[in-house]
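Okay, structure first, notes after.
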Amino acid sequence: MRTPEERTTTMSFTDIFLQQLINGLVLGSFYALVALGYTMIFGVIKLLNFAHGDVYMVGAFVGFGALSLVAGTFGAGWAGIFVAMVISMIVVGFLGVIIEQAAYRPMLNAPRLSILITALAVSLVLENSALALTDGQITAFNTDLGFNGIELGNLYVSYTQVVLVVASFILMIALELFVSRTMYGKAMRAISIDKDMCRLMGINVQRVIAVTFFVGSALAAAAGTMAGVQYGRIWYFMGFLIGLKAFTAAVIGGIGSITGAMLGGLILGLLESFATQIPGIGGEWKDVFTFGVLILVLVLKPTGLLGKSEVERM
Amino acid sequence: MAVNTVSNPTSRVDRLYAWFDPPGRRWTAYALVLAFLVTGPLYMSNYAMVIMTNALLYVVLALGLNTVVGYAGLLDLGYAAFFAVGAYTTGILTQEFGVNFWLTIPFAVVAATCAGIIIGGPTLRLRSDYLAIVTLGFGEIVRIAARNLEITGRASGLSGIPNPSLFGWEISGPTAFYYVFAILAVIACVSSVRLLHSRLGRAWLYVRHDEDAAEAMGIDRVKVKLAAYITGAIYGSIGGVFFAVNLGSISPPSFSFQQSVLILMAVILGGMGKIPGVIVGAFIVILGPELLRDIGSLRLLVFAVILLLIMLFRPSGIWPSRRS
């Protein structure tokens with residue numbers, strides 16, 4: 001098998017395009033999964049949940065811990081990873097509910113900026129807990145997957161990438177069905193329109209908010225575990241940048257819109273992958289590119305791609 | 001929805017604040033604080049003085065951000081960008097071009113004004129959540145640019161920024177800089193109070209409370225918001241100018257998102273729009289982690305938990321504005 005460097009040197013334009021398309025899809029589906037949590041939580045309580053990136057980080061660590069626990073029974077291959085991911089989703093889902101009950105619920109009637117600071121404080125608590133527990137070291141996320149993949153001419157797609165993208169899409173479809181077909185989904189959509197009226201209609205608003213946090217956090221945990229599998233290393237600060245990017249994705253898609261979050265995530269992932277091919281935008285400049293796109297989208301179309309325009313009353 | 005921002009007017013803490021209402025008591029309190037500031041170096045160790053200097057810098061920065069967030073009600077998550085603009089302007093001008101330190105201040109003010117217009121101009125029409133993310137993106141762009149550009153010294157930053165001198169007397173050492181920052185903080189406080197009571201200050205509060213009504217009364221809300229943005233930028237930039245000469249070296253990590261968050265915390269923890277509250281907030285975010293230094297690596301965790309508890313028990317901040 002040739003090394004990635006050798007492949008790059010012999011790649012044609014189409015090959016580069018397709019390779020970046022695949023990389024972008026993988027990255028984009030992580031962004032989309034995290035962005036979904038942002039957008040759902042914003043929908044029901046109008047809070048920019050800054051702790052969401054750190055929930056993703058906790059998801060990666062819980063997934064890692066769960067994998068070490070179940071590796072004896074299921075092995076560290078796909079079966080083990082699947083079980084670990086489900087465990088991580090459940091545990092982190094409840095963590096999300098605890099965060100909502102302890103930190104956000106008492107603040108719902110406080111000024112809007114105060115609850116935002118509470119979210120920042122929760123983010124600090126999660127980050128520093130992870131820092132204290134891991135000593136700030138990077139943890140290697142080892143699996144038995146190896147680097148097998150499909151080689152199509154000059155193109156290389158690992159099985160891991162394929163499975164992760166498919167899994168992300170399954171989760172997104174499941175979420176779409178949950179929101180559009182179930183009672184809780186309907187309540188969620190109703191609450192995002194008018195919370196007080198929902199309460200008058202006999203909807204248990206608090207419970208629906210808790211369910212929203214559970215689902216949003218579980219999706220972030222799934223993304224965290226998958227990112228651990230894909231990139232092979234996890235650390236306490238990994239949630240920060242992806243939190244920002246996913247937030248950007250949610251805003252590009254139109255915050256509050258579920259389909260928008262998925263679309264925004266994929267678009268952002270693809271844009272970033274392709275941007276690395278433009279001369280001069282390698283490395284750190286790609287983040288400048290991302291935020292530049294964000295600002296451009298907001299200036300040209302402030303509601304995001306699929307967001308509904310609304311008159312704001314603070 | 002009507003939100004009561006005054007937590008509980010009869011609570012013990014609020015009665016304590018109300019005790020300061022009569023002008024005689026208030027001026028006595030000002031005199032005591034000033035006396036403490038002036039005599040500080042007599043009984044503070046060098047270490048304590050460095051920490052105090054840092055806290056005073058944060059008073060300036062928090063008061064600047066308070067103009068944006070507290071007065072005009074615009075959430076800014078990239079305030080460290082303006083801090084960086086000031087610091088790098090001074091760093092580059094003194095080091096690369098040999099400009100006298102005091103002459104760099106007007107340049108820093110102009111640079112901050114331009115930055116404020118560039119970022120504020122197109123975005124101030126957006127709704128507040130989007131404004132938050134745009135400012136965040138802008139903050140990151142400035143930091144990454146500073147990290148990658150040749151003129152800003154890339155990741156290692158600029159070092160060897162010379163000490164300023166005043167009438168032939170070189171400002172160096174902890175005591176001198178302590179006084180520089182004390183004077184700066186006092187100027188920031190006084191100007192902040194004067195701004196609040198000016199025509200512009202009243203327009204800010206009006207726009208924050210009810211944009212539509214303000215506009216109906218003939219206030220140009222975009223212009224007024226832009227003024228708040230630029231004012232905040234200038235405070236941040238001047239803070240950065242003195243930060244740069246105090247340390248003698250600057251590097252990108254000083255201007256990260258965490259820095260912006262820390263300044264914002266000072267504002268909201270203390271009480272948005274309330275000057276004494278913001279000052280208390282600035283001291284808490286700097287002195288808090290220092291006082292907790294004994295517990296080592298856990299100190300930021302403990303600090304975060306304390307912060308969370310303060311917000312839960314006093315959602316409007318420690319010393320909130322009574323006006324709303």
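Brief remarks on what is shown
- Net dipole in debye of region B:44-256 [+1 Lys, Arg Cβ; -1 Asp, Glu Cβ; about Cα centre; nearest 20]: 180
- For residues of B:309-317, the mean tally of beta carbons on other chains within 10 Å: 5
- Counted residue by residue at 0.36 nm each, then reduced by the alpha carbon distance between them, the extension gain from B:Ser165 to B:Arg199 reaches 8.6 nm.
- Mean partner shielding of peptide B:134-146, defined as the number of other chain Cβ atoms within 10 Å of each residue Cβ, is 5.
- Per-selection Kirkwood Rh - chain B (Cα, Å, 1 d.p.): 20.4
- Computed helical MRE - 222 nm, the protein assembly as shown, DSSP H runs ≥ 4 contributing -39500 (n - 2.57), nearest 500: -24000 deg cm²/dmol
- A simple spin-label model places the labels of B:Ser172 and B:Ala18 5.5 nm from each other, with each point 7 Å out along Cα-to-Cβ.
- Rounded Å value of the spacing that divides the Cα centres of region B:121-170 and region B:209-274: 13
- Neighbour counting of Cβ atoms within 10 Å sorts the residues A:His52, B:His209, fewest neighbours leading, into B:His209, A:His52.
- In percent, rounded to a whole number, the relative contact order of region B:44-256 is 44, using alpha-carbon pairs under 8 Å and six or more apart.
- The number of Lys pairs in chain A with C-alpha atoms less than 18 Å apart, excluding pairs fewer than 8 positions apart on the same chain, is 7.
- Sorting A:220-231, B:35-46, A:152-163 by average packing, meaning the other beta carbons within 10 Å per residue, from highest down gives A:220-231, A:152-163, B:35-46.
- At most 12 other Cβ within 10 Å, DSSP loop - chymotrypsin sites (Phe, Trp or Tyr not before Pro), region B:94-134: B:Phe97
- If R0 equals 30 Å, the separation of the Cβ atoms of B:Trp102 and B:Leu292 corresponds to a calculated FRET efficiency of about 0.20.
- Using the empirical formula 2.2 N^0.38 Å as the baseline, the Cα radius of gyration of the protein assembly as shown reaches a ratio of 0.99.
- Only aspartates and glutamates eight or more places from B:Lys225 in sequence, or on another chain, were considered; those with a Cα closer than 18 Å are A:Glu312, B:Asp76, B:Asp129, B:Asp210, B:Glu211, B:Asp212, B:Glu215.
- Separation of alpha-carbon centers, region B:63-89 and region A:37-52, rounded to whole Å: 24
- Per-peptide average of other Cβ atoms within 10 Å, ordering A:143-151, B:270-278, A:20-28 highest first: B:270-278, A:20-28, A:143-151
- Span-rule helices in chain A, defined as complete DSSP H runs reaching 20 Å or more along the axis (Cα) with Kyte mean at least -1.0: A:13-45, A:52-74, A:78-99, A:112-134, A:159-181, A:205-231, A:238-253, A:258-275, A:285-300
Read-outs throughout are calculated quantities, based only on the coordinates presented, and are distinct from any laboratory measurement. Note that this is a predicted model, so its numbers are computed, not measured. Backbone-built Cβ (ideal geometry, glycine too); neighbour counts: all protein chains shown.
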